[in-house]
1. Applying the selection to the range B:123-151, what residues are at pLDDT below 90 and not in a strand (DSSP E or B)?
2. List, please: which pairs have Cβ atoms under 8 Å, are six or more places apart or on different chains, and start with a residue in the range A:65-86 that is on the phi > 0 side of the Ramachandran plot and end with one that is near DNA strand C (Cβ under 9 Å from one of its atoms)?
3. Is it the case that A:Arg191 is open to solvent by less than 20 Å² (accessible area, probe 1.4 Å), at pLDDT 90 or above and closer than 29 Å to A:Lys18 by Cα?
4. Being within 19 Å of B:Leu222 (Cβ to Cβ) and at the interface with chain A (Cβ under 7 Å from one of its Cβ atoms) is the filter here; which residues of the range B:188-203 pass it?
5. Test each condition in (1) more than 13 Å from chain B (Cβ to nearest Cβ); (2) open to solvent by 30 Å² or more (accessible area, probe 1.4 Å); (3) not small (Gly, Ala, Ser) for A:Thr73 and report the one that comes out false.
6. Just to be sure I understand the filter: pairs with C-beta atoms under 9 Å, separated by 6 or more residues or on different chains, first member in the range B:13-24 and within 17 Å of A:Ala190 (Cα to Cα), second member of a type in the set (Ser, Thr, Tyr) and near DNA strand C (Cβ under 10 Å from one of its atoms). Which pairs pass?
7. Can B:Val20 be described as part of a loop (DSSP other than H, G, I, E, B), of a type in the set (A, V, I, L, M) and modelled with pLDDT of 95 or more?
8. Which count do you get for residues in the range A:27-45 that are farther than 25 Å from B:Gln58 by Cα, free of Cβ contacts under 8 Å to residues at least 40 places away in the same chain and open to solvent by less than 60 Å² (accessible area, probe 1.4 Å)?
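The values are calculated or read from the model by the stated rules, or taken from the named source; none is laboratory data. Because the structure is predicted, anything quoted here is derived from the model rather than measured. Glycine also receives a Cβ, built like all others from the backbone with ideal geometry; neighbour counts cover every protein chain displayed. Ligands, DNA and RNA are excluded from the accessible area calculation, which covers all protein heavy atoms including side chains. Shrake-Rupley method; radii C 1.70, N 1.55, O 1.52, S 1.80 Å.
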2 protein chains.
Amino acid sequence: MGTTQLESVPEPKYWHLKTVLSEALDSEFSVGEILPNERDLAARFGVARATLRQALEQLELEGRLQRRRGVGTTVAPPRVGVAVGTEQHAWPGTATDAWQLADSALELPPAAVAVALETGPEDTVHIVRRSRMTHGQPVAAELLYVPQSSVPDLSAIDAPSGTARARAVLRELQRLELEGQDSAVELGSARADDAKQLDRLPGAPVLVVTTRFFAGGRTAALSVATYRADTCRLTFGDSGGVEIHQHPERQAS
Amino acid sequence: MGTTQLESVPEPKYWHLKTVLSEALDSEFSVGEILPNERDLAARFGVARATLRQALEQLELEGRLQRRRGVGTTVAPPRVGVAVGTEQHAWPGTATDAWQLADSALELPPAAVAVALETGPEDTVHIVRRSRMTHGQPVAAELLYVPQSSVPDLSAIDAPSGTARARAVLRELQRLELEGQDSAVELGSARADDAKQLDRLPGAPVLVVTTRFFAGGRTAALSVATYRADTCRLTFGDSGGVEIHQHPERQAS
DNA sequence: AAGTGGTCTAGACCACCAC
DNA sequence: TGGTGGTCTAGACCACTTC
């Protein structure tokens, strides 16, 4: 004669906490406002700090919060839409885009990149580092891999080092006729160097956009761009993207 | 005076652990193999279980591991590429795609959706639920919002309920001329209902793909698709995507 | 120096799965 | 019933920022 248990699956505390906090953020806080510190919040809700942190982590993952060590937890602004697919059929650096050249060097690429570029495992390629800013905040770090065969006329005299060298590689690249490109998006975690560029801690969640550029019947360049997953919404297609935030739970019919 | 500390920033234990485990996965384990349980692993590495779990969590986030309660931790297969942008200029359900219709009903959409569809806050819309399978595994759950004005000829007799009703909505939708579409990708966490469809726990990381379909000079439908972030790589563009996995750290020059 | 978030510990109990 | 991963606790110390 079992007691009818509609709540046979008790909701985890951190999940419930997250819901409560989320609603509080919607109604009682405004963007940029700082929350009470974690110890106070945990005490207020009667949970251990670790449990409170589990809820905060999810809210940060969803772009609702921003936490900075030594400073505090603040209410994050809505995610910024970042166009990723509108430069269709354009080489990187062609338009006046938001990318900022960092430097460039001739290095041995990771094995997986060498496979995609169909270069030999011992062939060095040009690696151009760029970073992307929006509203004064860094949103992406990119590594652009360009086989030497794609830019045969690049002279060492033209391109001594650093930014100038990066500019020269892109300039040479644009002399090729771009035949197409494709992209893939997946979730990753920031490597130490990317994290530094993105002003995040290592391991922070990132959206990795891998783009192949085709010319001359093969992959002429490969871009691996790492976007901050907490602050970015990647947009593809005709216009600027969609302003959808799923915060309120859809009510059942 | 100062001892030269090259290691002035000690690496967190979980981060180092993650690196060690990652290399072990590459060299000593094969896909599908089950790892020792968390308590044993923690003891073997001389850390607390929570610390070990922090490392495992990251590896799962990166798609390297798969953990199932009551079963164990297994080595995950490489992420599956899922085409998201190749159905350019095609209504959902047009081609024989991998989507499986679930059901449909007339409901009040979330406020954010109503704004995007430019319907009134009190207007109900058709909501079609679909799920997407790949290799026998669920990879995505979708909610397709269709304003009643987009499918004026839909008769209640044609579409009584469930799958048949969903099919009827899509059929009517395809009578419109699609003028364009755009998409946005962002990181989210699975709601309870999505989690169930995706065979994950609530809060699991997901890639949310929001697509607007334009017809008749306005947004004729809106799709919010939730993909498993651990197992999926979303591909856009001309071909099937790129097989890049950034596991090995890029070596410095 | 004080206060913040980040890391870590050593436990405990629970929900789920397979046997 | 035993073993797994998932949740939770109550502490401690560390790294960082700000004053």
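1. B:His135, B:Gly136, B:Val151
2. Once the first residue is on the phi > 0 side of the Ramachandran plot and sits in the range A:65-86, its partners that are near DNA strand C (Cβ under 9 Å from one of its atoms) give A:Gly72/A:Ile34; A:Gly72/A:Leu35; A:Gly72/A:Asn37.
3. Details: open to solvent by less than 20 Å² (accessible area, probe 1.4 Å): no; at pLDDT 90 or above: yes; closer than 29 Å to A:Lys18 by Cα: yes.
In short, no.
4. B:Gly188, B:Arg191
5. If we test A:Thr73 against (1) more than 13 Å from chain B (Cβ to nearest Cβ); (2) open to solvent by 30 Å² or more (accessible area, probe 1.4 Å); (3) not small (Gly, Ala, Ser), just (2) comes out false.
6. Once the first residue is within 17 Å of A:Ala190 (Cα to Cα) and sits in the range B:13-24, its partners that are of a type in the set (Ser, Thr, Tyr) and near DNA strand C (Cβ under 10 Å from one of its atoms) give B:Lys13/B:Thr51; B:Tyr14/B:Thr51; B:Leu17/B:Thr51.
7. Numbers: part of a loop (DSSP other than H, G, I, E, B): no; of a type in the set (A, V, I, L, M): yes; modelled with pLDDT of 95 or more: yes.
Answer is no for this residue.
8. 2
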